[in-house]
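Let me begin by presenting the structure, written as structure tokens, before commenting on it.
The values are calculated or read from the model by the stated rules, or taken from the named source; none is laboratory data. In this text, all values refer to a predicted model and were calculated from it rather than measured experimentally. Note that each Cβ is placed from the backbone with ideal geometry, even for glycine, and that neighbours are counted across all protein chains shown. The protein model used for the area step is the full one, side chains on, heavy atoms only, and it has no ligands, DNA or RNA in it. Shrake-Rupley method; radii C 1.70, N 1.55, O 1.52, S 1.80 Å.
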Amino acid sequence: MTEPRPFLVGGEWRRSDTVEEVRFPYDHSPVDTFCLAGATDLEDAVRSAQEGFGRTRRLPAHERIRILKRFAWLIEERKEDLSRLITLEAGKTVALAHAEVDRAKETILLSAEEAGRIYGEILPLDLNPAAGGRTGYLRRFPIGTVLAITPFNFPFNLACHKIGPAVAAGNAVILKPATKTPLSSLLLGSLLIEAGYPAEAVSVLPCTPDLAEWLVRDERIAYLSFTGSPGVGWRLKEIAGRKRVGLELGGNAAAIVHADADLPYAAERIVQGGFSNAGQVCISVQRVFLHRDIYDDCLAMILERTGALAMGDPRDSRTDIGPMISEAAAAEAEEKVREAVFEGASVLAGGKREGTLFFPTVLADTVPTMRVNATEVFAPVITVTPYDTFEEALALANDSVFGLQTGIFTEGIDRAFTAFEECEAGALMVNDVPTFRADAMPYGGIRASGLGREGPRYAIEEMTAMRLMVLNRRRPDPSGR
């Protein structure tokens, strides 16, 4: 048996006596083992990051760009290895794993572009007589050590969404991956150092939740970037102290299909957005609102496309839906569906599981207070509800503690702008599902869905601090006149 994979502390690979196992979610077969970092390792990583920041903060833009471009090239070179790791550790289908690596490469290239666009401003300050002769020069500077905590569902691309902007800005980085999916992140750390980023500024630390909290509390960490469940995210914000915090949390995203929509297209996108990655996407379609005039027709299209999905081993290229991350996660989704049925919901498709495989599920006759609507299911489950007016549909979509993304399908430009004004979410997708995300766009939510924005340009703003220099061009007259 091979030795467990080491973790990375300031460019140094270390092992420990605490070993965890990664298992393939589809059949629970062992994939690999890895070592967990301990308290001493975390302390060393923070100290190394501080030292490394002394180098990274002085890297010129052209050097940061060169490093990021080489990093992207190395990702492309190791695409098959990375895709295989993502499939085995996260249970993603082959197609989704390849797509994630492609997106990660693009995220890093976008970060390289933005590294050359960290602009400042020149501010004329002579708006009143007392500031005459003075000019302000505003620049952004790297903030320090970025702590990136990432989830299992996009273990590589979401790590790149944090690491890429951190490097573009010149920060040190400590990555704490999900312990179910650490393998691709450990390879990420290796590739970043190979690309030329100062090794002492790079750490990848799989560790226990209590040690992760110790890192969050540490005042030497300048910025916490967390993607994961709302409960954990808000808890970390409470203990983070005075550091900056970015939270990308969950949702129960709504999709509205109005009477004038392209129904086949809407149905196709809803099925893809609701069931891709076994519904384990924070912007997965969960609540679907169909105008009453087209309810039956659109629902029939959704059910037809749902029934055509192939489930099974994610390593098989014919598989559309693979396993959920664990049997416990699948069982929790199953319980929410059973509870909804007990409360009056109807199962139109799916509603059952086999181990970690949860069949794509369509529920009707639900009400907003049911957990399949009110909470984040994070499984291949959608609910369908008819509505009479567009205003009613918007009110139903907004009836949530979350506010990440919303999608509407309509040919009416007035309805699109009305939704843009009234939608209570971080983003509105017109003629698409809320599951759409382009890696360059600002991404994030409001309310229980989080704080701040990702996307390389916007994350760089979070990971830099504005500094103002005021230059006084006036000189006192030696003669006193």
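In the range 8-113, counting only strands (runs of 3 or more DSSP E) that sit wholly within it, the ones holding 1 or more residues that are touching a Phe, Trp or Tyr at 6+ places or on another chain (Cβ under 9 Å) and closer than 15 Å to Leu192 by Cα span 12-14. Restricting attention to the range 375-389, and to residues there that are open to solvent by 10 Å² or more (accessible area, probe 1.4 Å) and touching a residue at least 40 places away in the same chain (Cβ under 8 Å), which single residue is farthest from Glu454 (Cα to Cα)? Restricting to residues being open to solvent by 10 Å² or more (accessible area, probe 1.4 Å) and touching a residue at least 40 places away in the same chain (Cβ under 8 Å), the top hit is Asp388.
Within the range 320-336, the set of residues being open to solvent by less than 40 Å² (accessible area, probe 1.4 Å), in contact (Cβ under 8 Å) with a residue 24 or more places away in the chain and out of contact with any Ser or Thr (no Cβ under 6 Å at 6 or more places or on another chain) comprises Ile321, Ile325, Ser326, Ala329, Ala333, Glu334, Lys336.
Look at the range 296-319: where a residue is within 23 Å of Ala255 (Cα to Cα) and a partner is open to solvent by 50 Å² or more (accessible area, probe 1.4 Å), sitting 6+ places away or on another chain with Cβ atoms under 7 Å, you get Met301/Pro264; Leu303/Leu348; Arg305/Glu268; Leu309/Asp320. Of all residues in the range 356-374, count the ones that are touching a residue at least 60 places away in the same chain (Cβ under 8 Å) and surrounded by fewer than 21 Cβ atoms within 10 Å (Cβ to Cβ). Adding up the residues that qualify gives 2.
Whenever a residue of the range 256-282 is open to solvent by 40 Å² or more (accessible area, probe 1.4 Å), its partners that are among the β-branched types (Val, Ile, Thr) and part of a helix (DSSP H, G or I), lying with C-beta atoms within less than 6 angstrom and at least six residues away or across chains, give the pairs Ala259/Ile294.
Out of Ala240, Ala178, one residue alone is over 20 Å from Gly52 (Cα atoms), hydrophobic (A, V, I, L, M, F, W, C), within 20 Å of the chain's Cα centre (by Cα) and open to solvent by 10 Å² or more (accessible area, probe 1.4 Å). It is Ala178. Of the residues making up the range 149-182, those that are among the small types (Gly, Ala, Ser) and over 16 Å from Glu20 (Cβ atoms) are Ala159, Gly164, Ala166, Ala168, Ala169, Gly170, Ala172. Looking only at residues in the range 38-96 that are open to solvent by less than 40 Å² (accessible area, probe 1.4 Å) and hydroxyl-bearing (Ser, Thr, Tyr), the one that is farthest from the chain's Cα centre (by Cα) is Ser48. Ser16: surrounded by fewer than 19 Cβ atoms within 10 Å (Cβ to Cβ), in contact (Cβ under 8 Å) with a residue 12 or more places away in the chain and among the hydroxyl-bearing types (Ser, Thr, Tyr), yes or no? Yes, satisfied. Condition check for Ile163 on (1) more than 15 Å from the chain's Cα centre (by Cα); (2) among the aliphatic types (A, V, I, L, M); (3) surrounded by 15 or more Cβ atoms within 10 Å (Cβ to Cβ): one failure, at (1). Comparison of Thr56, Thr40 shows that the only residue that is among the hydroxyl-bearing types (Ser, Thr, Tyr), closer than 28 Å to Gly144 by Cα, touching a strand residue (DSSP E or B) at 6+ places or on another chain (Cβ under 9 Å) and at pLDDT 95 or above is Thr56. Look through the range 337-353, keep the residues that are out of contact with any helix residue (DSSP H, G or I) (no Cβ under 8 Å at 6 or more places or on another chain) and among the hydrophobic types (A, V, I, L, M, F, W, C), and return whichever of them is surrounded by the most Cβ atoms within 10 Å (Cβ to Cβ). That would be Val341. Taken together, the residues in the range 21-37 that are crowded, with 16+ Cβ neighbours inside 10 Å and either among the acidic types (Asp, Glu) or over 27 Å from the mean Cα position of the chain (by Cα) (or both) amount to 1. Selection of the range 241-259 for residues being in a loop (DSSP other than H, G, I, E, B), over 30 Å from Pro386 (Cβ atoms) and either out of contact with any Lys or Arg (no Cβ under 7 Å at 6 or more places or on another chain) or among the hydroxyl-bearing types (Ser, Thr, Tyr) (or both) yields Arg242, Lys243.
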